[in-house]
Amino acid sequence: MQIRFLAGTLLSLALASAQAVVIDFNGINVGNTTNPTVTVPKPYVEDGFELTTFSGSPYTHYAGGTIYALTPANTTHWSGSPSVYSGVITNYGSGFSLKRTDNGVFDLISMDAAPFSSAGGYRNFTVFGYPATGGGYVRQDFVLDATWASLETLTLDSRFKNLTMIQFSSVYAQVDNIQLHLPGEGATLPTGPTTPAVPEPESWAMLAAGLLVTLTIGRRRKA
């Protein structure tokens, strides 16, 4: 019984070592205003990640754009918590870049989004990921549903792992709850929202060492 209990405890600790980060923008002050939006100074920093804007094509990184956050006064699109979008730069568009403040790598798991219009073109949403090795970028395209004030979760596939930066379009959509994992901290990228985390080799080593100690103690007691 003790062996099973300790094994379960060690496995729980190994799984818990996965460091998940959710950028939820709840630190943005959107209360006590009659304005539908507020301007957010950039870069916006939360939980070791930095969000800023770019304009032009998704891989040229021109500066530009403004970070806006929706407020409860925006009765048409308010989803119940602060969310952000990027202001339009004429002839160039605008979007978001997100990276770690220490320039480390991370996995992108999912993000929530909702369009500002039900028109087809306004519901297109694209995410670019820039892997730390191999060069180039990966891309995943979504078509958002037509519910303006109800966020839907966009789940990224297994290519969005060990990234140095992500970029995504958000001129015509609000974004919230960006879920990330930090590799090297026991985190792995799941293939779906319900897939449990798998311990890294270091975590398995810790688990095996704990079991060995427990078995040794049990044998000595029997002797």
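The values are calculated or read from the model by the stated rules, or taken from the named source; none is laboratory data. No experiment lies behind these values; they were computed from the predicted model shown. No Cβ is skipped: glycine too gets one built from the backbone with ideal geometry, and neighbour counts run over all protein chains shown. To get the accessible areas, we keep the full protein, side chains included, count just its heavy atoms, and leave off ligands, DNA and RNA. Shrake-Rupley method; radii C 1.70, N 1.55, O 1.52, S 1.80 Å.
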request  = Considering only the stretch 110-124, state which residues are surrounded by fewer than 20 Cβ atoms within 10 Å (Cβ to Cβ) and out of contact with any Ser or Thr (no Cβ under 6 Å at 6 or more places or on another chain).
outcome  = Phe116, Ser117, Ser118, Ala119, Gly120, Gly121, Tyr122, Arg123, Asn124
ask   = Which ones in the stretch 16-44 are farther than 20 Å from Pro183 by Cα, among the β-branched types (Val, Ile, Thr) and assigned to a strand (DSSP E or B)?
value = Thr37, Val38, Thr39, Val40
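Quick check, is Thr155 among the hydroxyl-bearing types (Ser, Thr, Tyr) and surrounded by fewer than 14 Cβ atoms within 10 Å (Cβ to Cβ)? Let's see the steps before the verdict.
Values: among the hydroxyl-bearing types (Ser, Thr, Tyr): yes; surrounded by fewer than 14 Cβ atoms within 10 Å (Cβ to Cβ): no.
When the stated conditions are applied, Thr155 does not pass them.
Out of Asp141, Asp107, which single residue is among the charged types (D, E, K, R), surrounded by 19 or more Cβ atoms within 10 Å (Cβ to Cβ) and not in a loop (DSSP other than H, G, I, E, B)? Please lay out each step first, then the result.
On the way: Asp141 fails: surrounded by 19 or more Cβ atoms within 10 Å (Cβ to Cβ).
Of the residues listed, the single one that is among the charged types (D, E, K, R), surrounded by 19 or more Cβ atoms within 10 Å (Cβ to Cβ) and not in a loop (DSSP other than H, G, I, E, B) is Asp107.
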inquiry  = So in the stretch 56-86, with the set limited to residues that are open to solvent by 10 Å² or more (accessible area, probe 1.4 Å), of a type in the set (Gly, Ala, Ser) and on the phi < 0 side of the Ramachandran plot, which one is modelled with the lowest pLDDT?
reply    = Ser57
request  = Could you tell me whether Phe116 is under 18 Å from Asp157 (Cβ atoms) and among the aromatic types (Phe, Trp, Tyr)?
outcome  = no
ask   = So, in the stretch 166-181, of the ones that are modelled with pLDDT under 95 and open to solvent by 10 Å² or more (accessible area, probe 1.4 Å), which residue ends up farthest from Lys99 (Cα to Cα)?
value = Tyr172
inquiry  = Given the condition under 24 Å from Arg139 (Cβ atoms), open to solvent by 40 Å² or more (accessible area, probe 1.4 Å), touching a Lys or Arg at 6+ places or on another chain (Cβ under 8 Å) and at pLDDT 85 or above, answer yes or no: does some residue in the stretch 28-50 qualify?
reply    = yes
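Considering only residues of the stretch 92-138 that are of a type outside the set (Ser, Thr, Tyr) and in contact with a His (Cβ under 8 Å, 6 or more places away or on another chain), which is modelled with the lowest pLDDT? It would help to see each step written out before you state the result.
Quick first cut of the stretch 92-138, residues of a type outside the set (Ser, Thr, Tyr) only: 93, 95-96, 98-100, 102-109, 111-116, 119-121, 123-125, 127-129, 131-132, 134-136, 138.
Then drop every residue that is not in contact with a His (Cβ under 8 Å, 6 or more places away or on another chain), which leaves 106-107, 109, 114, 116.
On the way: Phe106: 97, Asp107: 98, Ile109: 98, Ala114: 94, Phe116: 90.
The qualifying residue modelled with the lowest pLDDT is Phe116.
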